[in-house]
Amino acid sequence: MALKQSVLHDRHVALGAKFSEFGGWEMPLEYSGVVKEHTAVREAVGIFDVSHLGKVVVRGDGAAAFINSCFTNDLGRIAPGQAQYTLCCDEETGGVVDDLIVYLKDDDHLLLVPNASNTAEVVRRLQAKAPAGIALTDHHESHAVLAIQGTGSDEVLQALGLPTGHPYMSFVEAPFDGADVVVCRTGYTGERGYELIAPNEVAGALWDAVLAAGGAQGLLPCGLGARDTLRTEMGYPLHGQDMSLDINPVQARVGWAVGWKKDAFWGKAALEAERERGPVSTVRGLVATGRGIPRPHMSVRLTPDLPIGEVTSGTFSPTLKKGVALALINSQVEDGAEVTVDVRGRAEIFVVTKPPFVQPAVREA
């Protein structure tokens, strides 16, 4: 099956991007190099095309109440104009079908932004449960998403006449080139930033305008390779690696995104039981003491003959200049403990460390 392409694909080609497959889409992996792009976000500003992310509009009387009965987090904690990180879990097992952002426009109108490869499954599960009068419309291929991330992100958007300065996880809609663009204070890098959701018809003009306005701020186009190193430095989980149908929110240590006091959400009984008994393994952070670079599925051991889990996400940290990882390991292992990771047959020493591994220039809270 042919990979889907962003509406901005030709622009990425013109910029010399290297491409890779992400959730069924052919997306930029890097332009000028992962380390250079990573550093631009940490020290200046970068722009990412993340149009492979899903976009699903939910409308109808009681739409917010319906979504709140399905996903883990409590929409009652936020007001219209705010966004919320939440989880779609399996009803029976509590495993994570996907993690996503919910944009609450009003009680009868929401926008969901799931991961690319999971959009169809999230929609399928919602449609199977949706009461009469609730409609889901898939905008996955009709809208683009641009992430403007870094300390200079406000100045870039201000040069385009787009609103800035609203609180973290809040959004506003603003006109650009005759269309409405959603401007949200969200991101996956830990740095101050925004995500712009725009109709395909204006996405090219918006991309071009950001590149032009960002020159004074040192803006670079960034690929999903840098997005991965940036999120790993922050300890942000990635679905399919650090959480999955086999790694539930309690094990992934994202219980803060669960509205435990809610009457209902998918997987509630299973997750409450897991929380009560305590998980055998949890996702923890690891930082190398030497030169070892961890990768997913590498074995983590407390002693040479005592395996305690495996790496779920691992990379070289351009900021720390050493290897960092998230790993699903025995819950009894304490922060500060030394463990070994089998890096291609070498027992490399790592320290169990609570993320984030680096402090952003301007921490979003």
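Just so you know, all these numbers are worked out from the coordinates, no wet-lab data involved. This is a predicted model, so every value here is computed, not measured. With ideal geometry, Cβ positions are generated from the backbone for all residues, glycine too; neighbour counts draw on all protein chains shown.
What the table below lists for this structure:
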{"quantity": "Environment charge of T164, counting only residues whose C-beta is closer than 9 Å and scoring Lys/Arg +1, Asp/Glu -1", "calculated": "-1"}
{"quantity": "Length-normalised contact order of the chain in % [C-alpha pairs under 8 Å, at least 6 apart]", "calculated": "19 percent"}
{"quantity": "Over region 96-138, equivalent-ellipsoid semi-axes from the Cα gyration tensor in Å", "calculated": "17, 14, 8"}
{"quantity": "Sorted by Cβ density within 10 Å, fewest first, the residues D154, D10, D177", "calculated": "D10, D177, D154"}
{"quantity": "Kirkwood estimate for region 239-365, i.e. one over the average of 1/r between Cα atoms, Å", "calculated": "15.5 Å"}
{"quantity": "All lysines inside 24 Å of K262 as judged from Cα atoms, apart from same-chain residues fewer than 8 positions distant", "calculated": "K105, K129"}
{"quantity": "Charge dipole (debye, nearest 20) of region 1-63; +1 at Cβ of Lys and Arg, -1 at Cβ of Asp and Glu", "calculated": "60 debye"}
{"quantity": "Of L162, A270, Q359, farthest towards positive along the dipole that unit charges on Lys, Arg, Asp, Glu beta carbons give the chain", "calculated": "Q359"}
{"quantity": "Residue range of the chain that is longest and free of GluC sites (Glu not before Pro) which are both DSSP loop and sparsely packed (at most 13 other C-beta within 10 Å)", "calculated": "93-333"}
{"quantity": "Over 25 Å [Cα-Cα, the chain], rounded percent", "calculated": "55 percent"}
{"quantity": "Neighbour-count ranking [beta-carbon atoms within 10 angstrom, fewest first] of K322, K261", "calculated": "K261, K322"}
{"quantity": "Packing-based order for 207-215, 46-54, 126-134, using average beta carbon neighbours within 10 Å, highest first", "calculated": "46-54, 207-215, 126-134"}
{"quantity": "Net charge, L320 excluded, C-beta distance under 13 Å - Lys, Arg +1, Asp, Glu -1", "calculated": "+3"}
{"quantity": "Helical segments meeting 27 Å axial Cα length and Kyte-Doolittle 1.6 threshold in the chain (DSSP H)", "calculated": "none"}
{"quantity": "Test item: Cα-centred dipole of the chain, Lys/Arg +1 and Asp/Glu -1 on Cβ, debye", "calculated": "840 debye"}
{"quantity": "Descending Cα extents along the principal axes, region 56-138, whole Å", "calculated": "29, 26, 23"}
{"quantity": "Region 118-242, Cα convex hull volume normalised per residue, Å³", "calculated": "138 Å³"}
{"quantity": "Neighbour net charge for G54 - beta-carbon separation under 11 angstrom, K R +1, D E -1", "calculated": "-3"}
{"quantity": "Selected from D106, D61, D305 as most flexible by GNM, with the chain as the system and alpha-carbon contacts under 10 Å", "calculated": "D305"}
{"quantity": "Partners for K354 among aspartates and glutamates (Cα-Cα distance below 17 Å; same-chain residues under 8 apart left out)", "calculated": "E233, D242, E310, E334, D335, E338"}
